[in-house]
1. When you look at residue 215, is it surrounded by fewer than 20 Cβ atoms within 10 Å (Cβ to Cβ) and under 21 Å from residue 64 (Cα atoms), yes or no?
2. How about segment 25-48: which of its residues are outside any helix (DSSP H, G or I), surrounded by 12 or more Cβ atoms within 10 Å (Cβ to Cβ) and modelled with pLDDT of 85 or more?
3. What's the number of the condition residue 207 fails, among (1) in a loop (DSSP other than H, G, I, E, B); (2) not assigned by TED's automatic domain parsing to the domain that holds residue 143; (3) not β-branched (Val, Ile, Thr)?
4. Report whether or not residue 104 is assigned by TED's automatic domain parsing to the domain that holds residue 151 and more than 19 Å from the chain's Cα centre (by Cα).
5. Can you pull out every residue in segment 220-250 that is closer than 19 Å to residue 36 by Cα and either among the small types (Gly, Ala, Ser) or in a loop (DSSP other than H, G, I, E, B) (or both)?
6. What helices (runs of 4 or more DSSP H) completely inside segment 71-187 contain at least 1 residues that are within 19 Å of residue 223 (Cα to Cα) and modelled with pLDDT under 90?
7. Residue by residue through segment 87-113, note down the ones that are over 26 Å from residue 236 (Cα atoms) and either touching a residue at least 60 places away in the same chain (Cβ under 8 Å) or loosely packed, with under 15 Cβ neighbours inside 10 Å (or both).
Amino acid sequence: MDVFEATRLQTLYQELLPFGIEPERVFFENIAFMQRIAEDRSTLTLDADFEVIVNPPDLTQPQGMLFVSIHFDTQFACIPIFLAKQLAPQRPLTFLMSRQARAAVPAWKNELYTRAQKELGIDILYAEEPSSLLTVARRLRKKEAVFTFIDAIVPNAAANRTQAVQLLNRTVAMPTGGIEMALACQADVIPVFCRTTGGQHQLSFADALTNEQGIPDVAQAIANFFGRALLTAPDKWTQWDYCTANSLSEEPIEVLGLKKKASEVIAYRNENYLFDYQFGVLEKI
């Protein structure tokens with residue numbers, strides 16, 4: 001186990017113990033999940049479809065739309081492809097993503113993203129570009145649609161304008177640059193995530209959020225919507241490091257009967273494993 005995995009397990013203790021969820025079980029299931037989706041070609045396809053749509057938005061509405069999602073469950077990469085097909089040809093879709101994140105995906109996924117650009121007209125805009133948010137604003141004013149992952153860590157000060165929100169058991173800084181632009185342009189902000197249950201792919205939308213609610217309320221509503229989703233299948237979120245990287249607080253957690261901050265927990269032992277946080281070592285007993 002490397003230091004990043006050790007930090008992730010530490011994060012899982014802080015976030016999941018208060019909800020009665022076993023962090024070590026989620027940790028191992030999460031590792032297996034991420035290995036599977038890295039190679040499973042069914043997790044990204046231009047034929048993307050969702051058999052169940054929960055609370056579908058009106059895609060014919062006159063104002064621009066900013067869809068925000070998270071890297072959750074198996075089909076998250078298919079969401080912008082599905083939306084582009086539903087919106088075409090009347091409303092183009094811009095995918096605001098991290099250049100760093102795209103560089104890290106397997107070659108076969110990159111090829112499909114390139115095909116999506118050509119065949120579906122998806123315009124990929126990189127958040128690291130200084131003018132990215134201005135481009136988002138121009139397109140939203142033209143009543144177009146933009147999609148982005150809200151749980152990506154983007155090294156751009158403008159894109160990383162933040163708002164403190166409560167996510168699960170921690171206060172985190174949510175990047176709100178795109179959200180602020182959308183609300184300033186009178187566009188709706190629509191959170192969306194996918195789940196696969198009973199062999200069916202399901203896409204769930206939140207009610208549209210508007211500038212009548214203000215940035216703090218909109219950001220917290222997004223965090224609440226995704227937080228509830230994460231608790232249903234915490235092993236299927238690929239971005240647990242987001243909590244650590246964007247953390248604004250560290251709440252005490254109870255380990256071995258003692259309340260401590262997560263960074264103060266030196267070791268955890270149960271009937272099967274001994275985990276040493278100081279050295280990042282996990283041993284089977």
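1. On the way: surrounded by fewer than 20 Cβ atoms within 10 Å (Cβ to Cβ): yes; under 21 Å from residue 64 (Cα atoms): yes.
Against the criterion (surrounded by fewer than 20 Cβ atoms within 10 Å (Cβ to Cβ) and under 21 Å from residue 64 (Cα atoms)), residue 215 qualifies.
2. The initial filter retains those residues of segment 25-48 that are outside any helix (DSSP H, G or I), namely 40, 44-48.
Narrowing further to those that are surrounded by 12 or more Cβ atoms within 10 Å (Cβ to Cβ): 44-46, 48.
46, the sole residue that qualifies.
3. Against the list (1) in a loop (DSSP other than H, G, I, E, B); (2) not assigned by TED's automatic domain parsing to the domain that holds residue 143; (3) not β-branched (Val, Ile, Thr), residue 207 comes up short only on (2).
4. Values: assigned by TED's automatic domain parsing to the domain that holds residue 151: yes; more than 19 Å from the chain's Cα centre (by Cα): no.
So residue 104 does not fit the description; no.
5. Within segment 220-250, 233, 238, 239 qualify.
6. Numbers: elements: 79-87, 99-104, 107-120, 132-141, 177-184.
In segment 71-187, 177-184 are the helices (runs of 4 or more DSSP H) which contain 1 or more residues that are within 19 Å of residue 223 (Cα to Cα) and modelled with pLDDT under 90.
7. Selection gives 88, 89, 90.
Residue-by-condition table, conditions (1) touching a helix residue (DSSP H, G or I) at 6+ places or on another chain (Cβ under 8 Å); (2) crowded, with 19+ Cβ neighbours inside 10 Å; (3) within 16 Å of residue 171 (Cα to Cα):
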{"position": "191", "(1), (2), (3)": "yes, yes, no"}
{"position": "206", "(1), (2), (3)": "yes, yes, no"}
{"position": "229", "(1), (2), (3)": "no, yes, no"}
{"position": "234", "(1), (2), (3)": "yes, yes, no"}
{"position": "239", "(1), (2), (3)": "no, no, yes"}
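The values are calculated or read from the model by the stated rules, or taken from the named source; none is laboratory data. No experiment lies behind these values; they were computed from the predicted model shown. Counting neighbours? That spans all protein chains shown, and the Cβs are built from the backbone with ideal geometry, glycine included.
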